1. Can you find, among 120, 105, 47, the residue farthest towards the positive end of the dipole of the chain? Put +1 on the C-beta of Lys and Arg, -1 on that of Asp and Glu.
2. Please give the charge dipole size of the stretch 1-56, origin at the Cα centre, charges +1 on K and R Cβ atoms and -1 on D and E Cβ atoms. Round to the nearest 20 debye.
3. Averaged per residue, what accessible surface does the chain expose to a 1.4 Å probe, in Å²?
4. Lys and Arg at +1, Asp and Glu at -1: add these up for the other residues within a Cβ distance under 13 Å of residue 110 and post the number.
5. Work out how far the C-alpha atoms of the chain reach from end to end along every principal axis, then list the three figures in whole Å, largest first.
6. For the chain, which whole percent of the accessible surface, found with a 1.4 angstrom probe, sits on carbon and sulfur atoms?
7. May I ask which residue of 19, 63, 32 lies farthest towards the positive end of the charge dipole of the chain, with charges of +1 (Lys, Arg) and -1 (Asp, Glu) on Cβ and the Cα centre as origin?
8. Which order do the peptides 87-100, 106-119 come out in when sorted by mean C-beta neighbours inside 10 angstrom, highest first?
Amino acid sequence: MKLIRSIENAKAHDEFKMTARRVLELGTIDGARSLGIEDRVGSLKPGKRADLIMISTQHPNMGVFTDPAHLVVEATQAANVDTVVVDGRMLKRNGKLTVMPVDQILADASASFDGIRKRANWR
């Protein structure tokens, strides 16, 4: 979202052309709308899937808390994501993955990369 906002503002030669709130809309409800799934996702409403993230503001990069939309778009990094809920399932809590063992993910990624290198004849 930060990249999209930066590009749009650079094209307009105006660092305030696209607001953080607007880019959040693009990344949520407008993204769902463009995929034709806005009836299921993209906003928090009764009957829709509960997909959300909770961001911890207890890190140095989140130090000055002003506009929440601006903070999410401009300052938030992966390490700041405390909780992730997708379709009502808790996938991350207290900064830790809850449904996937990290060691297994890393082992699978390494094996996958080794397979790609082997098929590409890349040493």
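The values are calculated or read from the model by the stated rules, or taken from the named source; none is laboratory data. Computed from a predicted structure; not experimentally measured. Cβ atoms come from the backbone with ideal geometry, glycine included; neighbour counts cover every protein chain shown. Each accessible area value is taken on the protein alone, full model and side chains, heavy atoms only, with ligands, DNA and RNA left out. Shrake-Rupley method; radii C 1.70, N 1.55, O 1.52, S 1.80 Å.
1. So the residue we want is 120.
2. In total the dipole reaches around 100 debye.
3. In whole numbers, the chain has 74 Å² accessible per residue.
4. -1
5. Largest to smallest, the principal-axis extents are 48, 38, 38 Å.
6. The value for the chain is 57 percent carbon and sulfur by accessible area.
7. Result: 32.
8. 87-100, 106-119
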